[in-house]
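One structure is given here, and the rest of the page talks about it.
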Amino acid sequence: MNTLVPDPPRPSPDALLERARREQRGKLKVFLGAAPGVGKTYEMLSSARKKQRDGVDVVIGIVETHGRRETMALLEGLPLLARKRVPYEGRELEEMDLDAILARKPQLVLVDELAHTNAPGSRHPKRHMDVEELLGTGIDVYSTLNIQHLESLNDVVASITRVRVRETVPDAILDLADEIEVIDITPEELIERLREGKVYHGDAGERALQGYFNTGNLTALRELALRRTAERVDEQLRHHRRAQGIQDVWAAGESVLVCITESPGSQALVRRAKRLADRFDAPWTALYLETARSLQLDERQRDQIAETLRLAERLDGNALSIPGSSDIAGDVLAYASEHNVTHIVTGKSRRSRWFELLHGSVVDQLVRRARNISIHVIADPEVEKKPVAPRRLGRAGNWNLAALLPVTLLVAAATSLGWVIHAATKVHNVALIFLAAVMISATRYGLVPSLYAALASSAAYNFFFLEPRYNFTIGDPANVLSLIFFIAVSVLVSQLMVRLREQGMATREQAHSTAELLNFTRRLAGLRKLEELLAVTAEQTTRILDLQAVVLLPEDDGQRLRADPAGPLDEKDLAAAHWCFEKGQPTGRGADTLPGASRLYVPLRTPAGIVGVLGVQRGDGEFLLHPSERRMIDTIADLAAITVERIRLAKQIDQARTLAETEQLRSALLTSISHDLRTPLASIMGSISSLRSYDAMYTAGQREELLVTAQDETERMHRFVGNLLDMTRLDAGALQPKRETCELQEIVGSALQHTARLLERHQVVTAYAPDLPMLSLDFVLMEQVLVNLLENAGKYAPEGSRIEVSAQRHRYAVSIEVRDEGPGIPEADLQRIFDPFFRIRGGDRQRAGIGLGLAVCRGFVDAMGGRIRARNRRERSGSVFEIELPSSLFVAPAQGIES
């Protein structure tokens, strides 16, 4: 006798892939503590010394001892890599030398303070990124972390301790850890360590005791650390079971699952599950399976399911609605096995025994197949005795009387086809043709028309094809059995086809909702204005759920709500919307609060708070939402809320950037006015006051020198003020070039004449190509451009050096170059050299000016249709400023003569 051996459990492919990825990188162990001073670094060093004794190559990447003697003693004997010095704002900061560790490539490296922010200029901005790189190269890492540095707990810790932690690490880093060791001591012991000076020295310890380190704070932080570690352990347990293909539930911790239906008695089941979970101090979930039968529920039953799920949420449970198959017990047990559920709460209906024999009992299947899961069957007097009535019978075609005519014609067609086949082949067994008619009827019209097709097909088959023919008498007893089996098979086939039809309809609806939601997400990603968001949200809500939607956002004062695009709302709706916005709870029709409103209002919630309200209503006045519709509304609200937050943050960033630029310009302007305008004023005032007070004491040459100084400084002030006014005209867009036919040599000569005194200690050389064309330019603007460039060259080039001005004609443009022999322009500043108020910092070599001359040059050249750029000389030090005037500015010779 052969014995069937069951197939071994198959591991989860995803779990195997995750294991393979983890095996390719180094192992991370995190020593997690509730607060500073619990002994994380001490324990990390102790564990490292044990590894070293076992022959593991251990090095210290970075460890902060904070002057604690016990910790410093453990450093002896462990190789310590030198820290890297990073210059920052005139001083040097010490950071972990990542490159030295990678070059050393130890088996295990110790990296203290995982949440640390690296100094600017480091390869990675955060230390946990250094750790990720080390793990990627196969190096194992020991690190330490306090629970308050975890990103997801940042707000919770701030609300407990009243201290906002600035340095955080993503939760994914802790999830990346292969091992977490909680370093736990009691609050009393930690406070005693503080008083003994083992955590902080001097007054720092006393201040910590008066603020952060009190018993309440430490107890709460301790609980957070233990709970977060327990969650990680649960996840590791689930991963292990998936990787090993273990189907049995391991009762390492209690977990409760309650199965709900459309019955009013499900609320009693939810309350019982809540009491059971409280007894075990365990998490619990209310689960509803959306099967093909869910399409047959009426609006009242749909609303009952939604209310039961909301009750579970109010009782601090997890409300969940997921797609299911015809095997309800199998789906429930599959969910329970995946989530390690130890208790399942379900209700026992009062359906008749005959009904359970024909259709099966979900409760019986759960009890038989549950293995080591406890099943709690709760009696409920409110459960209806009869099967649930269909939701919209017309929708599925169950009582669609109009379908009886096409079904009759379909049976008649099958009869005719069978008669033709019988006449041609003398074959009497044509029952399969009638089965095809039954299948088509079930697929197109539903259950009742298919049952009618089965009975009509049976009658036609009996009347036309069973002897004696043309009456309903059956002469051969064997045909009686055939007819009975034919009827049974027809009914069974009709039910199966109807079920497939309903499952197909449910799949199409889900696919449609998913596609519309994806389209909604894509449209939201491209939005930049709140007005666009309001219209898109209302439109997509109508398309997805056939509901009229209105989005309400707060006015600038943050108190009143404005409604777009639905227009004004009545008092009841406004009251419901304000309540929803203030309390963050669903309000209005179908909710527990202010149900007299015409709409249901749900909050647009973000981590930063409530940013608005979404209101929905049906166009026909009815308002009963299916759980899937309610989940979709919540999803739409969440997506809209995230988009509102994104648009507002983008606007705030733009405003902050504009404000920062304005402040920078204002600061630069004030600095320039206070320094670069004050200096010439002081020279002018000194010269004039000297001449007025001591005129008789000066010789004629000295008086002339003072007057020249006053004139030079006055001209310098005139240029500064002129640049300011020119920049103002450029920013306002009020600059309109007055074009005229100009000769380039004349413009250069005029500019050199204006800067003669500035350049008298330099060698100025000009070179012009012989074929330069006449140009259509604004003479005054172009002259000012050259004056600014020559002044800039004279300012930065050393005395006695050459300043060259050249002009060349190319095929499509004329280029003008101003070259100097100064220090040149730093490569990092070449792209910013034409920005307003930008000046190259050169320490003691800082020159006078307000940083507008080159900005004015670019503005003027752009206004005339040209282009200006800067570069450094290749053959020697110095800079080159090149103006390129396109051929569109060339003036034909004849036109030039006429001018």
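The values are calculated or read from the model by the stated rules, or taken from the named source; none is laboratory data. Owing to the predicted nature of the structure, the values given are computational and were not obtained by experimental measurement. Cβ atoms come from the backbone with ideal geometry, glycine included; neighbour counts cover every protein chain shown. Quick note on the areas: whole protein, heavy atoms, side chains included, nothing else; ligands and nucleic acids left out. Shrake-Rupley method; radii C 1.70, N 1.55, O 1.52, S 1.80 Å.
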* To do: State, to one decimal in nm, how far the label point of R469 lies from the label point of A412, with both points 7 Å from Cα in the Cβ direction.
  => 2.0
* Between E64 and D638, what length comes free when the chain is fully extended (0.36 nm per residue of separation minus the Cα-Cα distance, one decimal in nm)? -> 202.4 nm
* Please list S513, S159 in order of solvent-accessible area, largest first, computed with a 1.4 Å probe with all protein chains present. => S159, S513
* By per-residue mean of other Cβ atoms within 10 Å, what is the highest-first order of 81-92, 460-471, 408-419, 24-35? -> 24-35, 408-419, 460-471, 81-92
* Asked: Within the set K29/K105; K274/K348; K651/K738; K348/K583; K105/K126; K40/K274, which residue pairs have Cα atoms separated by over 27 Å?
  -> K651/K738; K348/K583; K40/K274
* **Contour minus Cα-Cα distance for V367 and E875 (0.36 nm per residue)** => 173.8 nm
* Calculated FRET efficiency, Y212 and S46, Cβ-Cβ r, R0 35 Å, to nearest 0.05? -> 0.85
* Structure fact -> Amide H neighbours of T261 at under 5 Å, excluding residues fewer than 5 places away on the same chain, with H built from the backbone geometry, are S266
* **Backbone N within segment 735-765 under 17 Å of label point (7 Å from R802 Cα along the Cβ vector)** => 761-765
* To do: Round to the nearest 0.05 the FRET efficiency obtained for E133 and Q831 when R0 = 25 Å and r is the Cβ-Cβ distance.
  => 0.20
* Could you order H128, H718 by accessible surface area, starting with the largest, using a probe radius of 1.4 Å? => H718, H128
* Structure fact -> Quick calc: nm separation of the 7 Å Cα→Cβ label points for A230 and L93 -> 3.8
* To do: Please tell me the relative contact order of segment 743-822 in percent, rounded to the nearest whole number, where contacts are Cα pairs under 8 Å and at least six residues apart.
  => 36
* Of the peptides 50-56, 37-43, 336-342, 324-330, how do they stack up when ordered by the mean number of other Cβ atoms within 10 Å, highest first? -> 37-43, 336-342, 324-330, 50-56
* How would you order 866-873, 366-373 from highest to lowest mean count of nearby Cβ atoms within 10 Å? -> 866-873, 366-373
* To do: State, to one decimal in nm, how far the label point of S815 lies from the label point of K795, with both points 7 Å from Cα in the Cβ direction.
  => 2.5
